[in-house]
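As structure tokens, the structure follows; a few thoughts come after it.
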Ligand SMILES: [Fe+2]
Ligand SMILES: [Fe+2]
């Protein structure tokens, strides 16, 4: 059968999206749709995998045997999320085996602040370039980043690419458990006068890093994602939902919400995706 012209595909796709339909097959995608979808899913896949690798040392460094199992479970969840996402990427034509071999997901930076810069040519959200150096870091990563990812990924649960929505259902549930792990520990460490200050210090470090992941307000790229049904909300709306959530919990746990200012010139247009 002759290949359908791009213009015809475009009209059919737009018509489908305008009535809330979902894309299921590769041959329904325009080049534009496939390109943006691949990019967003790659950001998620790489972040899931780099996240898992960053947690690995804490399997053996955790405070007790119960936590060793907990961290091992979280690592396994993140590797599974990465596997789900790379499978989806194979489905849109990515040579995942080759990609995996060509990138170093163990790479970490030692700078305290890389703003919104990318460090290497993988597509992970840049917060995954920071090392997790203490148990406070581990907990604040759960508390801030898993929460940020949850807010960000809400849109993917009901996006226009059906296989992604289906993959997200299980991922979302497991992410909620990681966040709950962070919240339980945050409460515990904040209530103990010996650990409260250390926890606050880690929050001061991870909160601004998480606020940086959402991308620039009114980003033109985000508008394209929304047109294609790959996103539903503006970057700023997602950031504010996250900030409000954290502010409520900080009040409950007697923690101070750290300052954060958007660095307009450094702020990427790109919305992140998860961890
Ligand atoms: Fe994950
Ligand atoms: Fe997670």
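The values are calculated or read from the model by the stated rules, or taken from the named source; none is laboratory data. A quick note: this is a predicted structure, and the numbers were derived from the prediction, not measured. Note that we place each Cβ from the backbone using ideal geometry, even for glycine, and neighbour counts take in every protein chain shown.
Listed by first and then second residue, the pairs linking a residue in segment 128-147 that is closer than 12 Å to residue 189 by Cβ to a residue that is part of a loop (DSSP other than H, G, I, E, B) and within 15 Å of ligand 1 (Cβ to nearest atom), with Cβ atoms under 8 Å apart and 6 or more places separating them unless they lie on different chains, are 138/132.
Within segment 75-82, does at least one residue satisfy the condition of being surrounded by fewer than 21 Cβ atoms within 10 Å (Cβ to Cβ), touching a helix residue (DSSP H, G or I) at 6+ places or on another chain (Cβ under 6 Å), in contact (Cβ under 8 Å) with a residue 24 or more places away in the chain and farther than 19 Å from residue 228 by Cα?
If we filter segment 75-82 for residues that are surrounded by fewer than 21 Cβ atoms within 10 Å (Cβ to Cβ), which is where we start, we get 75-76, 79-80.
Those still in the list that are touching a helix residue (DSSP H, G or I) at 6+ places or on another chain (Cβ under 6 Å) too: 75, 79.
So of that shortlist, the ones also in contact (Cβ under 8 Å) with a residue 24 or more places away in the chain come out as 79.
Checking the rest, the ones that are also farther than 19 Å from residue 228 by Cα come to 79.
Within segment 75-82, one or more residues are surrounded by fewer than 21 Cβ atoms within 10 Å (Cβ to Cβ), touching a helix residue (DSSP H, G or I) at 6+ places or on another chain (Cβ under 6 Å), in contact (Cβ under 8 Å) with a residue 24 or more places away in the chain and farther than 19 Å from residue 228 by Cα.
Considering only residues in segment 10-67 that are in a loop (DSSP other than H, G, I, E, B) and within 15 Å of residue 226 (Cα to Cα), the one that is farthest from ligand 1 (Cβ to nearest atom) turns out to be 19.
Just one of (1) touching a residue at least 24 places away in the same chain (Cβ under 8 Å); (2) surrounded by fewer than 17 Cβ atoms within 10 Å (Cβ to Cβ); (3) over 19 Å from residue 163 (Cα atoms) fails for residue 50. It is (2). Taken residue by residue, segment 132-139 has no member that is more than 10 Å from ligand 2 (Cβ to nearest atom), out of contact with any strand residue (DSSP E or B) (no Cβ under 8 Å at 6 or more places or on another chain) and within 30 Å of residue 17 (Cβ to Cβ). Checking the conditions here, which among 156, 160, 190 is modelled with pLDDT of 95 or more, under 21 Å from residue 245 (Cα atoms) and crowded, with 17+ Cβ neighbours inside 10 Å? Of the residues listed, the single one that is modelled with pLDDT of 95 or more, under 21 Å from residue 245 (Cα atoms) and crowded, with 17+ Cβ neighbours inside 10 Å is 190.
Being within 12 Å of ligand 1 (Cβ to nearest atom) and touching a residue at least 40 places away in the same chain (Cβ under 8 Å) is the filter here, so list the residues in segment 157-169 that pass it. First the steps, then the outcome.
Keep residues of segment 157-169 that are within 12 Å of ligand 1 (Cβ to nearest atom), which gives 167-168.
Answer for segment 157-169, where residues must be within 12 Å of ligand 1 (Cβ to nearest atom) and touching a residue at least 40 places away in the same chain (Cβ under 8 Å): just 167.
For the subset of segment 258-275 comprising residues that are more than 19 Å from residue 203 (Cα to Cα) and either within 16 Å of ligand 2 (Cβ to nearest atom) or modelled with pLDDT of 95 or more (or both), which member is nearest to the chain's Cα centre (by Cα)? The residue in question is 273. In the set 172, 214, 253, only one residue is under 17 Å from the mean Cα position of the chain (by Cα), surrounded by 15 or more Cβ atoms within 10 Å (Cβ to Cβ) and touching a residue at least 60 places away in the same chain (Cβ under 8 Å); that residue is 214.
Quick check on this structure: which one of 255, 199 is modelled with pLDDT of 95 or more and part of a helix (DSSP H, G or I)?
Among 255, 199, only 199 is modelled with pLDDT of 95 or more and part of a helix (DSSP H, G or I).
With respect to the conditions (1) within 22 Å of residue 213 (Cα to Cα); (2) crowded, with 21+ Cβ neighbours inside 10 Å, residue 88 falls short on a single one, namely (1). Considering (1) at pLDDT 95 or above; (2) under 14 Å from residue 42 (Cα atoms); (3) crowded, with 18+ Cβ neighbours inside 10 Å, the lone condition that residue 105 does not fulfil carries the number (1).
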